[in-house]
Amino acid sequence: MDVFKNILKECWGYVDFRPGQEEIIRAAYAGDDLLALMPTGGGKSLCFQVPALLKEGTCLVITPLIALMKDQVENLKAKNIRAIAIHSGMTAKEIDIAFDNVIYGSYKFLYLSPERIHTDLFRTRIAKMEVNLVVVDEAHCISQWGYDFRPAYLNISRLRELLPGVSFMALTATATPKVAHDIMEKLDFKQPKLFVNSFERKNIAYVVRQVEDKLGQMVRIAQGIQGTGIVYVRERKKAEEICKFLVDHGIEAESYHAGMSTELRSHKQQAWKRGNKRVIVSTNAFGMGIDKPDVRFVCHFDLPESVEAYFQEAGRAGRDGQKSFAVLLYNHSDVKRLKQIFNLSFPDIPYIKQIYQNLYIYLNIAYGCGKDQTYDFNLQEFSQRFKLQVSAAWHALQCLAQIGYFSLSEEADHPSRIFFSISRDELYRIQLDAPEMDRFIKLLLRLYPGLFSGFVPIDEEYLAQQNRSSSVLIKEYLMQLSRRHLLHYIPHKRTPQIYFHEERLEPANLHLSAQNYLWKKERYKERMDSILTYAQTHSVCRSQQLLAYFGEKQKCRCGQCDVCLQKEARNTPQILDALRIEILEKLKTGPLEVQALIPLFDRDPEQIKELLRWMVEQGELEYTIDGMLRAHLE
C-alpha cells in the first residue's frame, strides 16, 4: 500500500479512492497547478486534504461559505487533524490569535474567505507561514461567466507574488467549458492541467413535472419513494408552510432555513440525518457539507435560477450509488415568477447609487472611511429607515457586492467564545474572591480544552446545567472575569454582516459601468433561460441535456428520466407494429425520401427515424440507388 492509501486508511478509514481522486492527488503532491471538475458528492475535499497532510507546512483553503468552513474544520478536528478557520464573524483579536496559531502551532489547514487575502494583516502574516498548497474551492466564483461570481476571487492570483513556487488547486462541481478555461486563466496557471470527472450520475432519474397542483404532486412523490428526501423552496415562509402540509398528510418532515438559530438547525439536521424525520423542506441554506449518502429524492418545488444551482442541489441525491430521483416541479406561474425575479434583480443604476450612499449613512461611515471593517447589518431596519422596498434594496446591495465594494454575509449564528488572556500558571496564582468563581473556572477548564491557545466556542445553557445554576448567572461570571482581564468573552451574536473592501466614495467618484452592468444582466438571463429550456424540453433525455450544458456528450439516453420513459411508453410493441404497417402502406405507391416520409406521421421525428433504421436492418425496407426509401418486395 502506498503513502496516499495509507493516509486514506488511517484518517478516513477507506481502502480505495473514488474514480479520479488518486490521479488528482498525485498531481497535487507533485506540485502541479490543476483544476478538478467533480460532481457534487464526488469527494473533492479528499483531493487536497490527502496531499496536504503528506507535505510539510499548512494548506491554505479559500472558500466563500462560512458554514462550509466551520463544517470542514470540525470534520478535520474529529480526525485529530489540526485545522482552523478565519471568517467575517470573528473579532480582530480572534483573527490575530488564529494567525499566530497557524504560524507557531503546526496547523495543517487554514480556511479563510477570499476577502481576507488582500488585507494588510494577512499579507504580513502569510510571509511567516510555510504554505504547502493553495486550494481554491467553489472556483467557479472567479469567473464572471459563472453563476456565482465574487469579485474578491480575482485577487487570489496575487498570492503568486507572496507564495512563489507554491502550487494551486482549483475545485468546483459546476463549470461549463468556458468557465473552466476562465478559472485557469484568472489563476495564472502556467501549464493548465484539467481533470474532469464525468458529471453523469447513472443512479439518478431526472424528472420534470409540469403541474398546477404542486402540493399534491409533492405528497405523491414523498409517499411513492421510500427513504429520506429534500424539498427545496425559495422562501423561508414557504419552507414552514410546505413542511406543515407534509406533516398534515402523514409524512414526517422538518423545515430548515437561515432564519433559525444554529441550535435549532443543528437539531433538525441531526433528526433528518438519523432518519427520525424523512423529509427536510429547506431554502438553499441547506446542503453544503451534508454527506448523507442515502437521500432517495430531491424535489425542487420552485424553479431554481440556473442549471448550475439545480444540478448541484439535485446531486445531493443518491450519493451511495443506489437508485434515486431528482424531481423539478413547475407551472406557468413559476415561469412568470422567475421572470419577475430577473427584473427585480437588476434595478436602475441611479437607484443603486442611492442605496450605496444610504448604506454608509445608515452605518455612520464618513467619506474615505470603512475599508477592511465589518459591521452588523439589519436589512429590515435599513429599509424602514429610508422607506425602501426590501427586495429592491436587497438586489441593489447585491449588485454593489458583485462590483466588489463590500461583501454581504447571510444571517450567521456566531456562538459565544472565550479565551484566557493570561497563562495557566498566572491563573493558578490568582486568588479569587469567591469560591464559586474558582469552581466555575475549574469547570471551564474541564469542559473546554484549548482555552489558553485560542478562542473556544461555549454554550452558556450547557454550562448552567453543569454548574447547576442559570444561564444569566453564567453570563455574569464570564463578564466579571472579562472585566478583570482574566479572559476575553465574546457573547453570542446572530446577525447578517457586511464587510467593506473599499473606503466610502464621494458621489462624483462612484462610477458604475452601464456596459458592464448590461453584460451581467445578459449573462443572468442566459442562465435563467437555460433552466427554463431544460424544464420545457420534452424531447431530449434529461441527463443528456444536463451533461451537454457542462460540455459533456452522452451517447446513450439514460432510459430512466421522464423523457426516456415517455418515449418507451410510445414504443410499445403494439404501437410500433401499427406504425410499421402504416409506413409500409405509404410506400406501396412508390419510393419516398426519408424527409418526405416523416411529416406524414404525427409522431416524434426521432422515433420515426429509429423505426425506419430498424426496418432497414430487418430487410422490410431498402434504399434505392438514388437514396429513396422503398418497401422491400419479395
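Things worth noting here:
- The single condition among (1) free of Cβ contacts under 8 Å to residues at least 60 places away in the same chain; (2) in contact with a Lys or Arg (Cβ under 6 Å, 6 or more places away or on another chain); (3) among the acidic types (Asp, Glu) that Asp529 does not meet is (2).
- Among (1) closer than 27 Å to Tyr330 by Cβ; (2) at pLDDT below 90; (3) not small (Gly, Ala, Ser) - the single one Gln515 does not satisfy: (1)
- Residue match in the stretch 586-593 (condition: assigned to a helix (DSSP H, G or I) and of a type in the set (Asp, Glu)): no
- Long-range neighbours under 8 Å by Cβ, at least six apart or interchain, first residue farther than 20 Å from Tyr153 by Cα within the stretch 498-522, second of a type in the set (A, V, I, L, M) and in a loop (DSSP other than H, G, I, E, B): Arg504/Ile365; Arg504/Ala366
- Note on the stretch 359-374: among residues that are closer than 18 Å to Gln402 by Cα and outside any loop (DSSP other than H, G, I, E, B), the one that is farthest from the chain's Cα centre (by Cα) is Tyr360.
- Residue check for Glu241: free of Cβ contacts under 8 Å to residues at least 24 places away in the same chain, open to solvent by 30 Å² or more (accessible area, probe 1.4 Å), more than 30 Å from Ala30 (Cα to Cα) and not aliphatic (A, V, I, L, M): yes
- Residue match in the stretch 350-367 (condition: of a type in the set (Val, Ile, Thr), under 22 Å from Glu506 (Cβ atoms) and in contact with a helix residue (DSSP H, G or I) (Cβ under 8 Å, 6 or more places away or on another chain)): yes
- Candidate set: the stretch 528-570, residues that are within 23 Å of the chain's Cα centre (by Cα) and in a loop (DSSP other than H, G, I, E, B); chosen: the one modelled with the highest pLDDT: Phe550
- Residue match in the stretch 577-598 (condition: within 25 Å of Asp334 (Cα to Cα), polar (S, T, N, Q) and out of contact with any Phe, Trp or Tyr (no Cβ under 9 Å at 6 or more places or on another chain)): no
- Set Tyr232, Tyr206: member being open to solvent by less than 80 Å² (accessible area, probe 1.4 Å), more than 25 Å from Leu46 (Cβ to Cβ) and in contact with a Lys or Arg (Cβ under 6 Å, 6 or more places away or on another chain): Tyr206
- The residues listed here are Asp213, Asp188; of these, the one that is without any contact (Cβ under 8 Å) to a residue 60 or more places away in the chain, surrounded by fewer than 16 Cβ atoms within 10 Å (Cβ to Cβ) and touching a Lys or Arg at 6+ places or on another chain (Cβ under 9 Å) is Asp188.
- Residue within the stretch 378-386 that is out of contact with any Gly (no Cβ under 9 Å at 6 or more places or on another chain), surrounded by fewer than 19 Cβ atoms within 10 Å (Cβ to Cβ), under 19 Å from Ile349 (Cα atoms) and of a type outside the set (Gly, Ala, Ser) present: yes
- Within the stretch 171-200, considering residues that are of a type in the set (D, E, K, R) and touching a helix residue (DSSP H, G or I) at 6+ places or on another chain (Cβ under 8 Å), the one nearest to Glu23 (Cα to Cα): Lys193
- Scan of the stretch 188-244 for residues that are of a type in the set (Ser, Thr, Tyr) and modelled with pLDDT under 90, ordered by number: Ser198
- Conditions (1) more than 21 Å from the chain's Cα centre (by Cα); (2) open to solvent by 10 Å² or more (accessible area, probe 1.4 Å); (3) at pLDDT 90 or above; number of the one not met by Phe301: (1)
- Among the residues of the stretch 609-624, just one is in contact (Cβ under 8 Å) with a residue 24 or more places away in the chain and of a type in the set (Val, Ile, Thr), namely Thr624.
- The stretch 167-182, subset in contact with a Gly (Cβ under 6 Å, 6 or more places away or on another chain) and part of a helix (DSSP H, G or I), residue surrounded by the most Cβ atoms within 10 Å (Cβ to Cβ): Val179
- Among the candidates Ser261, Ser198, the residue that is surrounded by fewer than 15 Cβ atoms within 10 Å (Cβ to Cβ) and among the hydroxyl-bearing types (Ser, Thr, Tyr) is uniquely Ser261.
- Residue among Glu461, Glu411 that alone is modelled with pLDDT under 85, within 26 Å of Lys93 (Cβ to Cβ) and touching a Ser or Thr at 6+ places or on another chain (Cβ under 9 Å): Glu411
- Hits in the stretch 70-85 - residues which are over 23 Å from Phe17 (Cα atoms) and at pLDDT below 90: Lys70
- Of the residues making up the stretch 4-33, those that are of a type in the set (Val, Ile, Thr) and either outside any loop (DSSP other than H, G, I, E, B) or buried (at least 19 other Cβ atoms within 10 Å of the Cβ) (or both) are Ile7, Ile24, Ile25.
- Residue tally, condition modelled with pLDDT under 90 and open to solvent by less than 40 Å² (accessible area, probe 1.4 Å), over the stretch 359-376: 0
- Of the residues making up the stretch 278-291, those that are assigned to a loop (DSSP other than H, G, I, E, B) and either at pLDDT below 85 or surrounded by 22 or more Cβ atoms within 10 Å (Cβ to Cβ) (or both) are Asn284, Ala285, Phe286, Gly287, Met288, Gly289, Ile290, Asp291.
- Residue within the stretch 465-479 that is of a type in the set (Asp, Glu) and in contact with a strand residue (DSSP E or B) (Cβ under 7 Å, 6 or more places away or on another chain) present: no
- When Ala36 is tested against (1) assigned to a helix (DSSP H, G or I); (2) open to solvent by less than 10 Å² (accessible area, probe 1.4 Å), just one condition goes unmet, and that condition is (1).
- Any chance Asp320 is assigned to a loop (DSSP other than H, G, I, E, B) and open to solvent by 10 Å² or more (accessible area, probe 1.4 Å): yes
- Boolean, Arg557 is open to solvent by 50 Å² or more (accessible area, probe 1.4 Å), touching a residue at least 40 places away in the same chain (Cβ under 8 Å) and touching a helix residue (DSSP H, G or I) at 6+ places or on another chain (Cβ under 6 Å): no
The values are calculated or read from the model by the stated rules, or taken from the named source; none is laboratory data. Just so we're clear, the structure is a prediction, and the values are computed from it rather than from any experiment. Reconstructed Cβ throughout: ideal geometry from the backbone, glycine too, with neighbour counts over all protein chains shown. Ligands, DNA and RNA are stripped out before the accessible areas are found, and what is left, the full protein with its side chains, is counted by its heavy atoms. Shrake-Rupley method; radii C 1.70, N 1.55, O 1.52, S 1.80 Å.
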